[in-house]
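Notes for the one structure printed next.
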Amino acid sequence: MQHDTFLAGRTRNMGSSAIREILKLAARPDIISLGGGMPSPDAFPTEFIDELYRRAMDHYGTEALQYTRTEGFPALRKALVDHLAGQNIEVGADEVFVTTGSQSVLDAMGKILVSPGDHIAVEAPTYLGALQAFNPYEPSYVQIDTDEYGLIPESLERVIAEHNPKFAYLSPTFQNPTGRTLSLDRRKQVAEIIRRSDTLVIEDDPYGALRYRGEWAPPIQTFAPEQVVYTGSFSKVFAPGLRVGYYVAPERVRQWLVIAKQGVDLNTSSLTQALCTEFIAGGYHDRHLPKIIEIYRPKQEVMLEEMKRHFPDSFTWTQPDGGMFIWAEGPAEADMEKIYEEGIRNKVAFVPGKFFYSDPESGRATMRLNFTVNSEENIRTAIERLGASIRNVLSG
């Protein structure tokens, strides 16, 4: 992107999403894309959205159409207390804050904490949207090593000791992009490390409710509440178009996050907050979530089955217990950008994994696959095409 002299220096670190730019090439109707990270429209609660609107207007009237507190719609903050209690997060309504999507929390944390050159610790790989949120504040990233079980606590401890980061950004449950989930033992180790070092952590948890199998583990926040900013979202369990997220934060940063939000949007939409309030308080969330899971679970199973059938033996991939993504890795010589180009010719798309690393030299042989949007039939076709594309490139 050309950098004009009238722009602020920080814009040199800003750019459009690499994923969104790549997927523009995959927008043709004849291409099956496994690259996006969107929920399926089939999972939206269209059958009772009108009812939620009526309930919201009946209960809140013009309050749902008026400005509200920067901290959040009072009724939603109250409803979120019980919702979070189901995650073992025990807070009062004055400790829960509402945002315009959880993405805005990431931007606000960068804004209030990061000066140029400050260190931020991130998993390798990590969520690209987090890097985009932090980049304008000109940080220096340090990568936390990971394995097939998620982040390695000893690596986190070493990164903290060597670099003293302003905070660490972690997504321990069905991580985007890998789908990995951190075990209970590792969560406790992470909590002990950050308590001992007094390190702040952003625990991003947009996918935690999408569990298809396996045992639930409590958030890291429950073991170290004074060190963790815990963020959640309605985007995956209700509708992303509402743009409603929330967070729980230690006292030392929570008011600064509110001040940062005041300068951006004053408050999140009162109407969408009222809808989310009724979604939780009216029991719709508890009734609707099993439907979402029953839509996604068989799609994930189909993708894993087809990968076993069509991918070369030199490839490995995650076997997530939930979430929206599968992460695959080929041999060292596999160049996923070349495989992506071959995939486009074979009418299938995905996201090369290199874009999920803060180190641009990492992840050359990795890919992220999404299974939520396409039908099971299209997933079968796409994986067959992708397997053929991989073999074509590796054999060439």
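What follows is calculated from the coordinates using simple rules that are stated; it is not laboratory data. Everything numeric here is computed off the predicted structure, so don't read it as measured data. Because the Cβ atoms are built from the backbone with ideal geometry, glycine has one as well, and the counts that use them run over all protein chains shown.
Amide H to amide H, with H built 1.01 Å from N, Phe167 comes under 5 Å of Ala121, counting only residues 5 or more places away or on other chains.
In the chain the longest region clear of GluC sites (Glu not before Pro) that are loop-assigned by DSSP and have at most 15 other C-beta atoms within 10 Å covers 227-332. Report the residues of segment 378-396 in range of a label on Arg309: point 7 Å along Cα→C-beta, backbone N strictly under 16 Å from it. Residues 378-389 qualify, since their backbone N sits under 16 Å from the label point. Summarising the amide proton neighbourhood of Ala334: residues at separation of 5 or more, or on other chains, whose placed amide H is nearer than 5 Å comprise an empty set.
Distance between the 7 Å Cα→Cβ label points at Ser362 and Ser375: 3.9 nm. Out of every Cα pair in the chain, what percent are spaced more than 26 Å from each other? It works out to 54 percent of all Cα pairs. Sequentially through segment 53-62, phi angles give Karplus couplings (6.51, -1.76, 1.60; θ = phi - 60°) of 4, 4, 4, 4, 6, 5, 7, 10, x, 5 Hz, Gly and Pro residues having no value and appearing as x.
Backbone geometry of segment 169-174 corresponds, through the Karplus equation with coefficients 6.51, -1.76 and 1.60 at θ = phi - 60°, to 3J(HN,Hα) couplings of 9, 10, 10, x, 10, 6 Hz, x marking Gly and Pro. Of the chymotrypsin sites (Phe, Trp or Tyr not before Pro) found in segment 97-176, the ones in coil according to DSSP and having at most 12 other Cβ atoms within 10 Å of their Cβ are Tyr149. Using the Karplus relation 6.51 cos²θ - 1.76 cosθ + 1.60 with θ = phi - 60°, the per-residue 3J(HN,Hα) values for segment 280-288 come to 7, 5, x, x, 5, 4, 5, 7, 7 Hz, with x marking Gly and Pro. For segment 66-283, the C-alpha radius of gyration sits at 0.96 times the compact-globule guess of 2.2 N^0.38 Å, with N the residue count. Using the Cβ of Leu242 as centre and a radius below 13 Å, the other residues enclosed give a net charge of +1, where K and R count +1 and D and E count -1. When the Cα gyration tensor is reduced to axis lengths a ≥ b ≥ c, the ratio a/c is 1.5 or higher for segment 236-311, and with a/b above b/c it is classed as prolate. Kindly flag which residue pairs out of Lys308/Lys338; Lys24/Lys354; Lys188/Lys354; Lys24/Lys291 have an alpha-carbon separation exceeding 24 Å in this structure. Those over the limit are Lys188/Lys354; Lys24/Lys291.
Using the Cβ-Cβ distance between Asp58 and Lys338 with R0 = 51 Å, the FRET efficiency computed as 1/(1 + (r/R0)^6) comes to roughly 0.35.
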